[in-house]
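What follows is a short report on a single structure.
The values are calculated or read from the model by the stated rules, or taken from the named source; none is laboratory data. Computed from a prediction, not measured in an experiment: that's the story for all the values here. Here the Cβ positions follow ideal geometry from the backbone for every residue, glycine too, while neighbour counts run over all protein chains shown. With ligands, DNA and RNA removed, areas are computed over all heavy atoms of the protein, side chains included. Shrake-Rupley method; radii C 1.70, N 1.55, O 1.52, S 1.80 Å.
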Amino acid sequence: MEEKIREANSKFMEIIKNAKPVLIDIATAIDVIPNYKKNLILHAGPPIKWEDMSGPLKGAVVGGLIYEGLASDFLSAEEIINEGKIEFDSCHHYNSVGPMAGVITASMPVFVVKNESYDNYAYCTLNEGLGKVLRYGAYDEEVIEKLEWMKTILAPVLKEALDLSGKIELKAILAQMLQMGDEGHNRNKAGTSLFIREMAPFIVKTKFNDEEKSDVLAFINSNDHFFLNISMPICKCTLDPASNIKYSTLVYAMARNGTEFGIRVSGLGERWFTAPAEVIDGLFFSAYTKEDANPDIGDSVICETLGIGGFSMAAALPIVKFVGGTTSDALDYSRDMYEITEGESDVYKIPVLDFKGIPTGIDIKKVIETGILPIINTGIAHKEPGIGQVGAGLVRPPMECFEDALVAFVEETCKKED
Amino acid sequence: MNVYSKVIKNTYYDSVVLMLISKEIKEIEDIENVIVAMGTDMNINLAKSLSIYTEELEDISSNDLFISFSSKEDVFNKVIDKVDELLNKKAKTANDTYHHKTLLTEIKNNPSSNLVFISVAGEYAYEQAKIAIDNNKNVMMFSDNVSVEHERKLKELAVSKGLLMMGPDCGTCIINNKPLGFSNSVRKGPIGIIGSSGTGIQEVSVLIDYLGSGVSQVIGTGGRDMKKEIGGLTTIQSLKLLLEDKKTEVIVIISKKPDEEVIKKVLALVKLTSKKILVSFIDSSPELVESYNVKYTSSLEEAAYVAVSYIDKNIFYEELEYDIKGLINDESKRHNNNQNNLLGLFVGGTLATEADRIIRKDNVLYSNVYKSEYFVNKLEKNKNIILDLGDDEFTNGKAHPMIDPSFRTSLIKSIDESVMVLIFDIVLGYGSHEDPVSELLPSLKEVMLRFINNDSFLTVITSICGSETDYQDYLSSKERLEDIGVIVLRSNRQVADLANRLLNVKKHKNLDKIFNSDLSVISLGIDTFYNEMKDSDINVSKVNWRPTANGNKKMRDLLAKLKE
C-alpha cells in the first residue's frame, strides 16, 4: 500500500511540474464556461444552500442578481431564490475560482487561463478593487455601476489588448513575483505591476479612446490585488489535472464558502470533506474587532493548495505588517509547510530560503501525523453584507477535514484490496 | 563423329527418370545421339543400332547403368557432370520439399512421427495439441498463455493414452539425447531429469556434464505442472517412466514453488525404488521432502553435484569457497560510499528465482519474481533489484531475451551510481543467441568505464549456463568476459552467493563507519538531554517534535494501516 501511495503521489507531482498556464482570453461567463446556464450563480467554496449562506455571500448573490437584471433589491432577490428559479453551485465544479464570496453570474467577464500541457482551463472574474465591492457582499448602486463599467470598458479593452499581444505566459510572471516580494494571495503588487507593464503597450493600441484606455490603466494601477484574480486560476488549472489519481493522498483543492471549509483529495475523486470554517484572528482596521468578522471565505486558498500564499510567506516578509507577527515568524511559517508537503517546485523559488522551491503537494497523511495544518494568509470580511474588508490575518483549515479524508481514504483502499 | 560411353556398376534408376535425363543431355551442343539407360539386352541393342556401342559396354549387366553418346567435339566430362547433376536432383525431389498445411494431413503422411513440437500462439495451441494426442503423438508445447483447464484436459487425455504432454510453457527437453527447445549439448549418462522450469533444467544438465556424467532423458513438464490445479500429472507420469527406465539410475526433479499437496502425490511414488531420487524445489519444505526419503537440495548446483555423486564416488558437494575471501577483499575496497545496491538482470526465470531467494534472505529486495508483492518494472535508484527479463511484461512484442539480447544491453547502459554489484546469467545452447557474450561486451565495458571515471567501481559477476560442447564456445565466452574484468563463476548459486557476501561486507562497513567519524547527534525528545550534550561539546541539533497525530489513537491506527 505504501508503495502504491508513493507512486500515485509522484504522478501528482509530475503533473504539477508539467503545468504550462497561459492567459489566452477574456470572455463572458455564459459564452465560455462549459455547461453554464442563464440562471446559474457560482460561488466560492464547497456547495451550500441559500439558507446556510453567511452575510457577505448572500449580499454578493443579491448583487449578482441585480447585475443580471433578475432582481431589484434584497427582497425581490430572495423571492426568486425561494421560488427555486436560481441554481447555485461551487465555482470549482465549473472549472472556476472566485475570491471572497466568489460570485460569478452569466454575463460577467472572466479571465480564461489555459494549461497548455493538459489542455484544461480555469476561469475567474476580474478584481473589482478594494472597499465596498461585490465580493465582500456589497450590492448598492455604486457596486453595480462599477461592474457594468468592467463589463463594457475594462474587459473589452483588455480583451482587445490580449488579442494584439497574443497569449501571456503566466508561469514566468508568477515565478518573478515571488522573487519581488509577492506571495500571490494577499500580496500581488509585483504581479499587478508586471501585468500592467506587459499589457500597457497593447492597451494603448486598442481602438478605444484615450479616456477609456487611461481609465483602464488607472484602474489596474489603483488595485494592488488585480493580479489575485489571475494567480488563482493559475493555481487551479495547474492542480486540476492532478485530480483523481487512485491512491494519491495529496490535496488538489481547498476552498471556503463563508460557512464551511472544504478540501478535495486526489485519490478520493470529487468528494468534498468539510467542517465549519474558522473565524480569523488577525489585524483589524480602525475600530473593528473579531466580533465583526465573518468566518473564513473564498476560493483564494487555492493559492496555498499549490504552495504560494501563506506557504510562501518567506517570500513576502512585509506581509507581517498586515497579518501580524514578525519577519522571523513569516520564515518559520514557510519552513513548517515543508513538513506537510510531498515536494518542492522546480520553478517557483523563495530567495531568502536559498532559492528553495515552494512547498508543493499537501499530504493529508503528513498533516495528521505532524499535527501541522496548512497556513493561510487571508483578508477578513465583515459578517454583515456590504461593509467590506475589516482586516487581514492568518487562519488554518479545520483538522476535521483532513481526519475525515483519511478515514475515507483507508476505507476506500481497504475496500479495493478485498 | 566421336563415340563415348561410361558404365556405372550396380546402380539402378527407373526408366522414366533415365529417359528424361537422356532428353536433357541431347540438348547439349554437339551431341548427335545419346542413351542413358540400364544395361539390359534391349538397351544394348538400341545403342548398337544408333552406332554408339563401344567396347566399355562389353561386360555390362542389366544391373549396371550406362551412358553412351556420339558428338563432334570431346564433351565427355561435360556430359558426365550433367548426368551426375540430374541424377542427384531427381533423387531429392523424390523426397518432397512440399509442406502440408494442416497438422492432421502431416500426421497422416508422416506415420513414423512420434512427437509434435508446438510453438504456435497460445490461443491456438490447445486445439493443435488435442489433434496430436487424439492421433497418438506425444506433445512438447513451448506455447504459453494456455488456460489451466485446457492444460489439465490435455494432460489427462495424454495420461489415459500413455502419451507425454510436455507443457504448456515447456521450453527445454532432451529426449533420447536429442535437444529440443532451449537446451544444451550434454553427455549421455544415467541421470534422468524431470523439470517444470526451463533454465533450472538447463543449469542442472550443464553442471552434470561439467562433472563428467550425463543424462538419460530430460523431460520438461511445463511451468504449472507442480501446481495443485494441474496436480503434477506429467511429473508423475514421467517419474513412473524413469523409475522403470533401465538407462536411468538417478532421478532429479526440479520445480519453482511447487504446491505441497502435489509434492506429496509425486513423492509417494518413490517408496519402493532402489534408484536414487533427489529434488531441487525452490521455496518448499525440506522436512516434507526428506520424510519421503528423498534428498532435498537447496540449489540447482547442489542438485547436480548430489546427482553425480551417486554415480561417481569421487564427486561430493561442498559449497566451494574458491578464493572467495581474497576476491571479496579486492572488490569491496573499490566501491565508494554511495554504492550500496545490487542489480540482477536475468534471462532465465529459474535462475532469477534462485538468485532472488539467496539475496532476499539477508536484504530488502525488489523483484518481479514474486508477483504478489510490489511489482518492479523499471530500474530505481537505491534499491536492490532483480529482474527476470523473460517475464511476460518485458516480452510483449519483443523476442525472448535469450534470443535477442538488445533489451538487456540497453538496461546495462543505464545502471545508476547507487549500484555496487551487477549479476546476470548467460545461457548458451540450442535456441539461444549465437554469441551472447559478443552482444553484451560493449555495454559492459561502457558502464564499467563510466563507474571508474566517476571514482567508483562496478563489480560484475556472471555464470555461463552452458556445456563445453555447446556451439557458442563456453571457454571463449568465459575468457572474453574475464578479459574485461567480469567475474565468471561456475554456477548461478555461486554468483548470487558472492553478490550477497559483498552486500553484507558493505553493510558491515557502513555500520563500522560510526566508530571512525565525528559523532554528530540529532536529539528528539527531552530538552535536558539536548542541553547536556551541548554542554559536553557534542555536535548536536534538536527537532521541535510533537506527538504523532497529537496523540489521536484513531488517526494513528489509520496512518499505520497505510504504511503496510
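Counting just the residues of the stretch A:1-48 that are of a type in the set (S, T, N, Q), more than 14 Å from every other protein chain (Cβ to nearest Cβ) and over 23 Å from A:Ser231 (Cα atoms), which one comes out surrounded by the most Cβ atoms within 10 Å (Cβ to Cβ)?
Top of the filtered list is A:Asn39.
Can you tell me which residue is surrounded by the fewest Cβ atoms within 10 Å (Cβ to Cβ) among those in the stretch B:239-290 that are small (Gly, Ala, Ser) and either out of contact with any helix residue (DSSP H, G or I) (no Cβ under 9 Å at 6 or more places or on another chain) or farther than 26 Å from B:Ala355 by Cα (or both)?
Of everything passing the filter in the stretch B:239-290, B:Ser274 is surrounded by the fewest Cβ atoms within 10 Å (Cβ to Cβ).
Could you identify the single residue in A:Leu75, A:Leu70 that is surrounded by fewer than 21 Cβ atoms within 10 Å (Cβ to Cβ), outside any helix (DSSP H, G or I) and on the phi < 0 side of the Ramachandran plot?
So the residue among A:Leu75, A:Leu70 that is surrounded by fewer than 21 Cβ atoms within 10 Å (Cβ to Cβ), outside any helix (DSSP H, G or I) and on the phi < 0 side of the Ramachandran plot is A:Leu70.
Working only within the stretch B:298-357, note down all residues that are among the β-branched types (Val, Ile, Thr), more than 28 Å from the chain's Cα centre (by Cα) and within 30 Å of B:Glu393 (Cα to Cα).
none
Do we find that A:Thr305 is modelled with pLDDT under 90, of a type outside the set (A, V, I, L, M) and open to solvent by less than 10 Å² (accessible area, probe 1.4 Å) in this structure?
No.
Would you check which residues across the stretch B:542-564 are more than 18 Å from A:Met399 (Cα to Cα) and either open to solvent by 60 Å² or more (accessible area, probe 1.4 Å) or facing chain A (nearest Cβ under 8 Å) (or both) and list them?
B:Lys542, B:Val543, B:Asn544, B:Trp545, B:Lys561, B:Leu562, B:Lys563, B:Glu564
Please indicate, with yes or no, whether at least one residue in the stretch B:483-506 is surrounded by fewer than 11 Cβ atoms within 10 Å (Cβ to Cβ), of a type in the set (Gly, Ala, Ser) and more than 14 Å from every other protein chain (Cβ to nearest Cβ).
no
Filter the stretch A:231-256 for residues that are buried (at least 24 other Cβ atoms within 10 Å of the Cβ) and either modelled with pLDDT under 95 or of a type in the set (Phe, Trp, Tyr) (or both) and give the result.
Residue satisfying the conditions is A:Tyr252 alone.
Within the stretch B:142-195, can you find the residues that are acidic (Asp, Glu) and in a loop (DSSP other than H, G, I, E, B)?
Within the stretch B:142-195, B:Asp144, B:Asp169 meet the criteria.
Only one of B:Asn314, B:Asn337, B:Asn382 is free of Cβ contacts under 8 Å to residues at least 40 places away in the same chain, within 29 Å of B:Val486 (Cβ to Cβ) and open to solvent by 10 Å² or more (accessible area, probe 1.4 Å); which?
That would be B:Asn337, the only listed residue that is free of Cβ contacts under 8 Å to residues at least 40 places away in the same chain, within 29 Å of B:Val486 (Cβ to Cβ) and open to solvent by 10 Å² or more (accessible area, probe 1.4 Å).
For the subset of the stretch B:525-541 comprising residues that are open to solvent by 70 Å² or more (accessible area, probe 1.4 Å) and part of a loop (DSSP other than H, G, I, E, B), which member is nearest to the other protein chains (Cβ to nearest Cβ)?
B:Ile526
For a quick check of your reading: which strands (runs of 3 or more DSSP E) sit entirely within the stretch A:300-418 and have at least 2 residues that are over 27 Å from A:Lys20 (Cβ atoms) and away from every other protein chain (no Cβ under 14 Å)?
A:376-381, A:389-395
List the pairs whose first member sits in the stretch B:472-499 and is without any contact (Cβ under 8 Å) to a residue 60 or more places away in the chain and closer than 16 Å to B:Leu327 by Cβ, whose second member is among the acidic types (Asp, Glu) and surrounded by fewer than 21 Cβ atoms within 10 Å (Cβ to Cβ), and whose Cβ atoms are under 6 Å apart, counting only residues at least 6 apart or on separate chains?
B:Val488/B:Glu482
Residues are listed down the side, and each one gets a yes or a no for (1) open to solvent by 10 Å² or more (accessible area, probe 1.4 Å); (2) among the β-branched types (Val, Ile, Thr):
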site	(1), (2)
B:Val116	yes, yes
B:Ile131	yes, yes
B:Asp144	yes, no
B:Lys155	no, no
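Return only the number of the condition from (1) under 28 Å from A:Gly357 (Cα atoms); (2) without any contact (Cβ under 8 Å) to a residue 60 or more places away in the chain; (3) not in a helix (DSSP H, G or I); (4) not polar (S, T, N, Q) that A:Phe208 does not satisfy.
All conditions pass for A:Phe208, except number (1).
Do you know which of the residues in the stretch B:150-168 that are under 24 Å from the mean Cα position of the chain (by Cα) and farther than 13 Å from B:Ile236 by Cα is modelled with the lowest pLDDT?
B:Gly167
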